[in-house]
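**Q** Okay, here's the structure, questions in a sec.
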Amino acid sequence: MKRLLPLVAAAATLLSGCATVYYSDEGGKSTVEICNRGWYLLNLIPLASGDPDAPNDCKCRMFTQTTTLANNVRMLDWAATERNATGVKDVTTFTTDESVLFILFKRHTIHTSAELILPDRKEK
């Protein structure tokens, strides 16, 4: 039983999806980066994806594809509201794909980043 527990924990970690929002307030600017990850079997069947309704909560949705640009934009709106931003600018999105065990599993990630426009900072 003790040997099975680490294997189950490792499988849960590998198969879990994650939706995260990172903030940075460096260099006089406030920026946000959003990542939404999903694991797929044979690049077709969604196994687990991040929960865009609960970013940063390490929750996932099983057998559901949530790694979409629409969900990232929705999380960007949520992040701007959390920081009381009046808007966003310089929005950039890109995707990354990683294969595990050749083509058996694939991790698909959508990254979105933007600068938040805060009301107390003057726009230049």
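The values are calculated or read from the model by the stated rules, or taken from the named source; none is laboratory data. Just so it is clear, the model here is predicted, and its values are computed rather than measured. Backbone-built Cβ (ideal geometry, glycine too); neighbour counts: all protein chains shown. The area values use the complete protein model at the heavy-atom level, side chains included, leaving out ligands, DNA and RNA. Shrake-Rupley method; radii C 1.70, N 1.55, O 1.52, S 1.80 Å.
**Q** Between K29 and T92, with labels modelled 7 Å along Cα→Cβ, what's the label distance in nm to one decimal, could you check?
**A** Each label point is offset 7 Å from its Cα along the Cβ direction, giving 0.9 nm.
**Q** Once fully extended, how much extra length lies between I103 and T64, figured as 0.36 nm per residue of separation less the alpha-carbon to alpha-carbon distance?
**A** Values: separation 39, 0.36 × 39 = 14.04 nm, distance 1.95 nm.
Fully extending the segment from I103 to T64 adds 12.1 nm.
**Q** Further question on the same structure: Please give the solvent-accessible surface of I103 in Å², to the nearest 10, using a probe radius of 1.4 Å with every protein chain present.
**A** 130 Å²
**Q** Keeping all protein chains in place and using 1.4 angstrom, which order do R74, R61 fall into by accessible surface area, from largest down?
**A** R74, R61
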